[in-house]
Each structure stands twice: as C-alpha cells, then as structure tokens.
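Following: one structure in structure tokens, then a few remarks.
The values are calculated or read from the model by the stated rules, or taken from the named source; none is laboratory data. Just so we're clear, the structure is a prediction, and the values are computed from it rather than from any experiment. When we count neighbours, we look across all protein chains shown, and the Cβ atoms used for this are built from the backbone with ideal geometry, even at glycine. Accessible surface is based on the protein model in full, side chains and every heavy atom, while ligands, DNA and RNA are left aside. Shrake-Rupley method; radii C 1.70, N 1.55, O 1.52, S 1.80 Å.
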Amino acid sequence: MLEQHPVPRRTLLSGALSTAALAATGPSLLAGCTDSGGTPNTAVNNADVKLPTYTPYAGAKPDFPGNAEGLLDAFSGYPNPAPQAFPAPPGKGGQVSAFVLTGAPVPPSVDQNPFWQELNKRLNVDLKLTITPGGDMPVKFAALVAGDDLPDFIVPALFTPSGLGAGIANLPAWLSAKCQDLSPYLSGDAVKEYPFLANIPSAAWKQCVYNGGIYGLPVPRGVGGTLMFRRDDLFAQLKANPDPASYAEFRDVCKAVTDPRASRWAATTGALMYFVQHMVGVPNRWRLDGGKLTHAAETEQFRKALADVLQLVKDGYAHPDSNIANAPVKKWFNAGNTVLNPDRYTAWPQYYAENVAGPGFDIGGMRPPRYDGGGFAGTWQSEPTNNFTALKKADAGKIKDLLAIANWLAAPFGTQEWLFRRFGVEGVHYTMSNGGPAQTQAGITETALGIRYIVDAPDAIFIPGNAAATRKSYEYQKSIIPTSVKDPTVGYFSDAWSRKRAALDTILNTYQTDILSGRKPLSAWDDAVKEWRQGGGDEVRGQFQDQLA
Amino acid sequence: MTVPTQTPVGRTSPPPHGSPAPPPAASRRPPWWRRLAADRVLVLAALPGVAALLLFHYLPWLGNVIAFKDYQPYLGILDSPWVGLANFAVIVDGDPQFLNALANTLLITALQVLIVFPAPIALALLLDSLISERLKRLAQSILYLPHFLSWVIVVAIFQQMFGNAGLLNSALRAQGLATIDVISNPELFKLLVTSQVLWKDAGWATILFLAALARIDLELYEAAAVDGAGRWRQLWHVTLPGLRGLIVLLLILRLGDTLSVGFEQIILQEPAVGRQASEVLDTYVFNHAVLAADWGQGAAVGLVKGVLGVLLVLGANKLAHRFGERGIYQR
C-alpha cells in the first residue's frame, strides 16, 4: 500500500550506502579500524561477534542480591559514605558532543546550570549536549542524519510522538557508513581496559551488534519489564481481593473496586487489555513454533482477550476517558481514579515521589493469574536495553578518549559517581533522608541532562528513602522472572521492522481502540490483521524467520 | 525583468526634478537600473527582508521535489531516487482512507466558514453596542484570553469539563442522572472541534472588526437616523457596508488555508473518537506518511493541498473583483 517496491529499493540503498562507506574509510585508513565497513548485517556475521567479556564489578553489596536470570540487585539504602571509583577525571579536556533524549522537561543550558558545570569539571571535558524531548526524537534525528553534522555520541531515535517505538530505516547501513565499529576496543578481553563497561551484562551488548561488529554502547535495563501496579491501600480499604486466581475472580475484583459515583474505576481500557492478554496467554509480540513466527495479533488468544475486555468495558469497569490522547494515567492511578495501572518497574519510585494520597499510600504488583485458574501466567520480558548509543567514526585516540568517558558514565550503583550522575551535589540537588537521596527542585530541573541515555550501569532496584517499597519491588521481580516469557525476536534485526514498526503498531492500536470503544465490531479485527500483514507485517515476519531458522 | 507597459502611478515614478523637461522625454521612462539607483535607499532597506523571505519561505519550496522521489533522509534530497508520480497514487486512485480524510476536511471547513467565520462579526457588533467602556474592556479581555492558550491546554480543558469522568458528567452522576458523552462521541466530533475553535478564537478575531467599526463615520448614522432608519436599517445600510471590504478580504485569506483545519487540535482528539470521524488531510499525512517514514507521499499530498489553496485564493479574489471589491490585491 504505502510501500511500492520494497525489495529493489533496499538493495539499491544498501548498495549506495556501502559505496559511501568505502569511499569514506578507504583512502584514509583509519587506525584501529581494519574492517572496511562492508560486512553485511546478517545473523551469521552477527553471531560471530565476540561480545565484551562480562566482568562483574565487586562494588556495593546489595541487601537483596540479583541473579543471572535478570533479577536486579536491590538496595535498601545508598552506601554512606559512597566510595569514589575514579581518582582523577576521565577526560583530557577539549569538547565532547552528544545527541541525547530526555523524558523530563529540557533542563537549563550550561551557563545557567550548576549541575552541568560541575559535570564538566568532574569529567574534565566541555560537554556539548543536544537534548531532545523524547517525542521530538524521530524528527530531530532524521534532521541530524540528513545534515550529516554528527556529534561524538549519538542516541538514535526511540519513540514517535504517539509513544510508539520509532524505527530507523536502514540503521545498519547508516551505522556502517558513519559510525565506529567498536569491536577492536571492546570485543572479548579488550573491554577490561574499561572496567565499568565490562560490568554491563552480555545480553545488553548483544543489542548493539550490527554488521558483524559492536556498533554502540548499551543502556541496560532489567528484563522484569512492565508490571500491573496495584493500589494496595485502596484494595485494603475496599476489601478487594488483591490476588485474583482466575479471570472470573479478576472480574469480581473489577466489579468490587469500581464506583463511578466516587470517580473510581478498575483501570483504563488499555490496562485491562494488557493484563487480560497475559491471562489468556498471548505471546510476547511473537510466538516461535517450529521455525514459524506468529504475531500476537494473529493469535486466537488475542481475539479472546479482545472479546473479554470489550465485555469489561461494557460492564463499566474501565475508566470512561481511557481513550483520550495523553491520558494522565499516572495521575489517575495516584489520585485513585484507577486502582490498577501497568508501568515499568523503574516507575516505582516516581509513584511515591508524586503521591497525593498521604502517608497511607501503598502500591504493589499484581501478578496475572491463568485464565481458568491454577497458578500464575507468565509475564512478558522487556528488552535488556533501553537504547544504545553509536559513536561517530573517529581515529583511535579519540575513540579511546570517548570510551574513557563512557566508562565514567557507567560507574555502578553505590559509587559517588553514580550518585552524582543521578542526583547531583548533596545539599544543592538533594538531601539524604532515610538512607536515600531526596531531590530538591534544583535537582529535578538541572539533572535531567539525558546523559543516562549515553551509557548506563546495570540497573538496580532502589526506591530512595523507602526500604519497604524496595523490598516489595524486589520480591515481585523475584516472583515473576522465572516464568517470564521472552520475545523470540529480541536481538535480531529486521530492516522492515525498523522502518515500519510505528506504522504497523499504529494499525493494530487504531483497530484495538475502535473495537474496545464500540466504534467497530469485534469482527473488524480480521481487517486489522489483514492490513497489518499487507502493510509490512508479513515482510517483517519473513526477515525475522530467515534469521531464526 | 520586464518593464510593464503601463506607467504605474505613485512612488515608483521618478520625481519631476522641477526641470522643464520636454513632454516626449517624460513619457519615456528611464531604464530600470536608473530607477533602481534612484530608490537605492529603499531597495537597501528592503533587502534583508527580501533575503529572509527568499531564504526561509521560497528556498524551502525546492524541497517539494521529494514529492516525486523516494526520499530517504540518509541519502539526502539530491541522491534519493526518482519515482515519478508514484507518490500521488493515493490521490489519483482514491484510497478510501484518503477520501474519508478529504470528506472530513471539507465538512469541517464548511462548518468553520459558516459558523466560525461570521461569529466574530456578530461579537464585534455586540461589543461595539456596549456603552460602558469598563464593561467593554472587561468583556474584551475575557474574550481574548483563550486565544493565548495552546491547543493542548484547550483540549485538556474541554476534556476536564465535558469528559466522561469530567466535571459535567461527574455532577450528573452524583445526581443520579444519565451522563452525556461529548468528547468521545464520533457523531458530535465535528461540532465539538468547531465549538472549540469558536471558544478559542472568536474573541481574538473581533479586533480587526472593532477597528473597522470605529472607522465608520458617525455622520452616516446620524444621517440615517434623520432619514428615519431604525437600528436594524442602520446595521444593514451603514455598518455592514462599512465592514464589507474587510469581510471579503478575510474570507479570501481564510479560503487560502481552508484545507488546514487544525492539525494539533485534531490529532490530540483522534484516539477519543477514532479516525473514521476525525481524520483530516493533515492528520492523514501524519498517520500514513510521517509515521511510516514515507516522506515522499506526505510531500505529494501536501503539494496538492497547497496548489488547491492557491487556486481557491485566486478564484475567490477573482469573484471579489466581479463584485467590485478590492480583494487581496488590485487588478
């Protein structure tokens, strides 16, 4: 429909780009870069890449230890005093530029931002940041690439303004043409020169592999992913069952907590859809069965979830304004307009920070039961990274300087550097209370520089000043990780997916909303799947299947 | 540069210098460079503005060439491959979603021209009839205020007031009454967006009309009153004729961007009512071209929209000339 002749175009494109790559790297023969950049991005080539040797850093001892399955370390309080990991600043002066995103309001510029000035001092470089709000990323990134005036660190686009993942067309070809293959510096034991980069788990590094090389630095995240947050204080007050054992019981819970006259509903339509899909066993994006991929939207289970949620909506358990754009779902949850809300585990501290319900405020995670009872359903794992950052092509000296800075930016939880990076300077940007930093207003506005999206230390569970909530978050993750389900395509690259992801997700989202709000009949889902397949879904499936075979 | 055959009147003709020049020499205009030199100060003063206009308004037009290309940001405009008219296929073949967006656009445009356009005229007349200056100022301030709110805020206010969990419906619920679905009702959507525009901008748009009203000669009213004309006849025979030139001018300008019916306002409310009811040309471009990174197609639809806008302006202007009005420029 939108794509007239995808295959010839792609061939044409990659051809043009690798010629450009050869022209760029050929005559100057960059030091440390023995590869011409012409290696195609195939599963075989990528499987050969020797990932950086994982060397865990023995830093602060967690109160609740994580494990290799993806459970994160949890800390009740921040080590005090926090040890300093770097005796001297990592930088050698000069300028370092980066294109980063932020989810918070864009902070003041460097001349009016004491945190940024202090960061420059501690890094001993002049950090030039182009900070872009998440929603503007795809457009700004396209402009950046088109303008070809690249900074040293580049965070590729992540999300469209509607919050859907933004694909980056021809990413591997662009990486190969413009960005540095970091393999010579990081592959295998070479990474040991940068101990905090070596501290990042292999699953995260795998997400940075393209064209048979390591083309970026990962921002690792726990695979615990999204969970159904539950207002435990309200559940107790309403005497509702916090742990329904089947779909029927879950419906009873929805009924018990909903009271429109008190402006209280169980959850938004989207939240119910998210949760019921788990109960009926919809796969995590794709199901791999005998080398064949089936997309979640194509499964019978998805239709069943759709029909059940439609009934829940009709029964009046969903927030009636669920479908408005930019619905303030977090606010509704905090205000008690909804009592269930799915969110990433990283949001846990935020709910406490924005609590309006008083000291009784208490949240937990609700595990999805199996539809017909008999234990809990598996939850969906999230990707092991938030994003990755590419480095502009440069000579070996410059790349080593940049990696030294990245190493500082990856100093792990428990160090003074981590505390400074996240929270700023004590007394100015935060104060210590109950063993954790509490941000001041200056801290909130000045520290959101987006440097945490250049590279980051492995994540930890830490809800500042609230040991009980930290414990609860840890226990929840511990309970779900063993049965959590992985997306079989994570770690593989499909060019069609990278380009059409936003459009494909939009097709399904639009139909889902139309059906759940009663604007279209349930049977319209057939059209959704048809449109999705023709719009590129089948092409994406084929590309992933070829690699998984 | 061609020299017009007619001698224009006004500033561009050279000053007479007071010299007794012979008549044939006066009728022959000096060459263009001589005239340019004579006006060099004015020309120099205009240069920065013209340069800015060329650089930021005309040069980017060249980018429209991607409507005929398979534009890829990595390749740039020049190196992207040509695809002929392939990007115009959705328009020529009549993609049902495109036609739906076109129909929605035209319907909303019609509502806006019929309801939103005359509203400020009526409002200005009402304001003008207020005798107390203080009351008038107060009313004006209150009416101007919404203009300064961004669409995000306006839409949020409407959702807070009329949402299904908003002020109105919460109050109805508390009284045990049936609720009214305003913001997620596809049938009401076009009226909803129209009333939002009305609330936001009707007050602001009165400014021009108030200025025009102040310019009408009071003696005309007195003369009309002497001739026995009541309020309505004065309105019909004095006030409205006094506003006619401005009304025609604004209507023509409005027609120029008639196919732009508010991208932000509509995309913000699309999820609540669905695409069938809400998609207009601008959001169609966003949903089908920008999201899919199909820039060429987006440019193609935008180009067609722009051409239609120019045709509408020229057509409306011609019509205005027929009726003896000045329009946006003179013949």
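Roughly how much accessible area, to the nearest 100 Å², goes out of reach of solvent when A and B pair up, both sides summed, probe 1.4 Å?
Numbers: alone 23370 and 21440 Å², together 41950 Å².
Summing both sides, the interface buries roughly 2900 Å².
The residue list B:Val301, B:Ala122, B:Val226 was ranked by how far each Cα lies along the charge dipole of region B:89-322 toward its positive end, using unit charges on Cβ atoms, and B:Val226 comes out on top. For region B:89-322, the per residue solvent-accessible surface stands at 51 Å², with DNA, RNA and ligands left out and a 1.4 Å probe. Sequentially through region B:62-69, phi angles give Karplus couplings (6.51, -1.76, 1.60; θ = phi - 60°) of 4, x, 4, 4, 5, 5, 10, 10 Hz, Gly and Pro residues having no value and appearing as x. Over region B:89-322, what number does the Rg to Rh ratio reach, with both radii from the alpha-carbon atoms and Rh per Kirkwood? We get a ratio of 1.05 for region B:89-322.
Ranking B:Val193, B:Gly163, B:Phe209 by Cα position along the charge dipole of chain B, where only Lys, Arg, Asp and Glu carry charges on their C-beta atoms, puts B:Phe209 farthest toward the positive end.
Interface burial in region B:43-82 reaches 30 Å² or more for B:Asp70, B:Gln72, B:Pro73, B:Tyr74, B:Leu75, comparing the full protein assembly with the chain by itself; accessible area from heavy atoms with a 1.4 Å probe. Return the residues of region A:258-306 for which accessible area with all protein chains present is lower than in the chain on its own by 30 Å² or more; set the probe to 1.4 Å and exclude ligands, DNA and RNA. Buried-area filter returns A:Arg261.
Its Cα centre serving as origin, the protein assembly as shown has a Cβ charge dipole (Lys and Arg +1, Asp and Glu -1) of approximately 1700 debye.
Does chain A classify as rounded, prolate or oblate by the C-alpha gyration tensor (a ≥ b ≥ c root eigenvalues; a/c under 1.5 gives rounded; else a/b over b/c gives prolate, otherwise oblate)? The shape class here is oblate.
One compactness figure for region A:383-534 is 1.48, namely its Cα radius of gyration divided by 2.2 N^0.38 Å.
Across the cross-link table entries A:Lys128/A:Lys398; A:Lys128/A:Lys393; A:Lys304/A:Lys530; A:Lys92/A:Lys178; A:Lys292/A:Lys486, which are compared at the Cα atoms, the separations over 22 Å belong to A:Lys92/A:Lys178. Whole Å is fine, so just give me how far the alpha carbon centre of region B:215-282 lies from that of region B:49-114. So the two Cα centres are separated by 29 Å. Legend: distances between Cα atoms for B:Lys190/B:Lys305; A:Lys50/A:Lys400; A:Lys206/A:Lys330; A:Lys500/B:Lys190; B:Lys69/B:Lys190; pairs beyond 25 Å are A:Lys206/A:Lys330; A:Lys500/B:Lys190; B:Lys69/B:Lys190.
By DSSP, what percent of the beta bridges with both residues in the protein assembly as shown are antiparallel, rounded to the nearest 5? Don't skip to the answer; put the middle values down first.
Numbers: 31 of 47 bridges.
In the protein assembly as shown, approximately 65 percent of DSSP beta bridges are antiparallel ones.
Projecting the Cα positions of B:Leu235, B:Ala67, A:Trp497 onto the charge dipole of the protein assembly as shown (unit charges on Cβ atoms of Lys, Arg, Asp and Glu, taken about the Cα centre) puts B:Leu235 furthest along the positive direction.
When only alpha carbons are used to place a centre, region A:471-549 and region B:133-148 end up 51 Å from one another. Put the Cα centre of region A:43-119 next to the Cα centre of region A:257-312 and the gap is 35 Å.
Which of the helices in chain B, when you take each full DSSP H run, stretch at least 15 Å along the axis at their Cα atoms and have an average Kyte-Doolittle score of -0.5 or higher? Working shown, then result.
Numbers: long enough: B:40-53 (19 Å, 2.04); B:96-111 (22 Å, 1.14); B:133-144 (16 Å, -0.36); B:151-162 (16 Å, 1.92); B:189-201 (18 Å, 0.42); B:240-256 (24 Å, 1.87); B:295-322 (40 Å, 0.90).
Within chain B the helices that satisfy the rule are B:40-53, B:96-111, B:133-144, B:151-162, B:189-201, B:240-256, B:295-322.
Ordering of A:215-221, A:416-422 by packing is A:215-221, A:416-422, highest average first (other Cβ atoms within 10 Å, averaged per residue).
Relative to the Cα centre, the charge distribution of region A:406-549, modelled as +1 at Lys and Arg Cβ and -1 at Asp and Glu Cβ, gives a dipole magnitude of about 260 debye.
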